[in-house]
Amino acid sequence: MDFLADAIAGDRDNNLLKYRAVFAAGIGVAWPKGGTFNHHQGIETVDVKTWIHRNLVD
């Protein structure tokens, strides 16, 4: 975390570093589903277990 914090301090516009820092901290991110591309396109999202069952299990 210290490495990422220092890297961000030296490159405040680097969104990849910010992304890495959020996930490295174990915080994660969330946003309202209604504003997502998938929602607007009518694309269902599922968890990994459901996707595997639908696509890999006979």
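The values are calculated or read from the model by the stated rules, or taken from the named source; none is laboratory data. A quick note: this is a predicted structure, and the numbers were derived from the prediction, not measured. Cβ sites come from the backbone with ideal geometry, for glycine too, and all protein chains shown count toward neighbours. Just so you know, the surface numbers come from the protein's heavy atoms only, side chains and all, with ligands and any DNA or RNA stripped out. Shrake-Rupley method; radii C 1.70, N 1.55, O 1.52, S 1.80 Å.
What number goes with the only condition from (1) part of a helix (DSSP H, G or I); (2) open to solvent by 60 Å² or more (accessible area, probe 1.4 Å); (3) not aliphatic (A, V, I, L, M) that Glu44 does not pass?
Single failed check for Glu44: (1).
Considering only residues that are in a loop (DSSP other than H, G, I, E, B) and of a type in the set (A, V, I, L, M, F, W, C), look in segment 28-41 and name the one that is nearest to Leu4 (Cα to Cα).
Val29
Checking Gly10 against (1) touching a Gly at 6+ places or on another chain (Cβ under 8 Å); (2) loosely packed, with under 10 Cβ neighbours inside 10 Å; (3) not acidic (Asp, Glu), which single condition isn't satisfied?
It is condition (1) that Gly10 fails.
Looking only at the chain, count every residue that is among the β-branched types (Val, Ile, Thr) and within 18 Å of the chain's Cα centre (by Cα) and tell me the total.
8
Could you grab me the full set of residues in segment 4-27 that are part of a loop (DSSP other than H, G, I, E, B), free of Cβ contacts under 8 Å to residues at least 24 places away in the same chain and either of a type in the set (A, V, I, L, M, F, W, C) or touching a strand residue (DSSP E or B) at 6+ places or on another chain (Cβ under 9 Å) (or both)?
Ile27
Write out, first by first residue and then by second, each pair whose Cβ atoms fall under 9 Å of each other, whose residues are 6+ apart or on separate chains, and whose first residue, in segment 28-39, is closer than 22 Å to Leu16 by Cβ and without any contact (Cβ under 8 Å) to a residue 24 or more places away in the chain while the second is of a type outside the set (A, V, I, L, M, F, W, C) and open to solvent by less than 100 Å² (accessible area, probe 1.4 Å).
Between residues of segment 28-39 that are closer than 22 Å to Leu16 by Cβ and without any contact (Cβ under 8 Å) to a residue 24 or more places away in the chain and residues that are of a type outside the set (A, V, I, L, M, F, W, C) and open to solvent by less than 100 Å² (accessible area, probe 1.4 Å), the close pairs are Thr36/Thr45.
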